[in-house]
1. Scanning for something of a type outside the set (F, W, Y) and under 40 Å from the mean Cα position of the chain (by Cα), does region 22-30 turn up at least one residue?
2. Taking only pairs six or more apart or across chains, which ones have beta-carbon atoms under 7 Å, a first residue in region 38-50 that is charged (D, E, K, R), and a second residue that is buried (at least 20 other Cβ atoms within 10 Å of the Cβ)?
3. Would you be able to tell me the number of residues in region 50-75 that are of a type in the set (K, R) and under 16 Å from C12 (Cβ atoms)?
4. If R115 satisfies every condition in (1) of a type outside the set (S, T, Y); (2) under 31 Å from the mean Cα position of the chain (by Cα); (3) not in a loop (DSSP other than H, G, I, E, B) but one, which is the exception?
5. If the requirement is being assigned by TED's automatic domain parsing to the domain that holds A72, farther than 17 Å from I74 by Cβ, in a helix (DSSP H, G or I) and small (G, A, S), which of these qualifies: A17, A45, A51?
6. Could we say that A75 is touching a Phe, Trp or Tyr at 6+ places or on another chain (Cβ under 8 Å), surrounded by 13 or more Cβ atoms within 10 Å (Cβ to Cβ), among the aliphatic types (A, V, I, L, M) and assigned to a helix (DSSP H, G or I) here?
7. Just to check your reading of the model, which residue among R84, R138 is of a type outside the set (A, V, I, L, M) and either within 30 Å of A17 (Cβ to Cβ) or at pLDDT 60 or above (or both)?
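The values are calculated or read from the model by the stated rules, or taken from the named source; none is laboratory data. Fair warning: this is a prediction, and the values are worked out from it, not measured in the lab. With ideal geometry, Cβ positions are generated from the backbone for all residues, glycine too; neighbour counts draw on all protein chains shown.
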Amino acid sequence: MTEQDKPRFLQCLNRLAVAFRVRETVDPVLTQVYFDTLADWPIQAVEDAGAELQRSGGSFFPTTAAWYEEAARIAKEDAARARRLENERATLAWVAAQRALPPDPDEAAKLAALREETIQRMAEVQAKLIMNGVKPARFRSVHDNTKQAPKPCPECGATSREFVHRGDCSRGVRKPESAVG
């Protein structure tokens, strides 16, 4: 608080005096003691603390320490709220700036080049594995984009896209001997 805030502070102090039914008038010395004690905090926090103390329902006029603690709590909450709002504003500004950027015209070309590079590396790995005796069938991706029809199982007729094979075939899950009846 500053000296410019003194009229607002006097109104707040008088409201508290009325709320706590202080019969005698608030003297200038008491006013100055409270003002000097609460000068560390912004006037808004002091006023909010006074209103909170009014609602607290205490029996006696609040001490300088009680009012100071309440003003400190409110000022810290206000500062934390202001930091959160500033962070949210900065995030929103960043998102808006990102959306305002024009799209990269070379992005499609970069993605195509990256895809080709990946395919080339996969082919190199596959060639090394074949040279080491690993069968090519092991490399087939579950995301194979070929449009070939799946081959049916010679024993049960189920296709490779089906999860359950009928009967007791080499591709399906074998039942234990005791369960076969």
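1. Among the residues of region 22-30, not one is of a type outside the set (F, W, Y) and under 40 Å from the mean Cα position of the chain (by Cα), which makes the answer no.
2. E47/C12; D48/I74
3. Qualifying residue count, region 50-75: 1.
4. The failed condition is (2).
5. A17
6. Criteria met by A75.
7. Exactly one residue qualifies, and that residue is R84.
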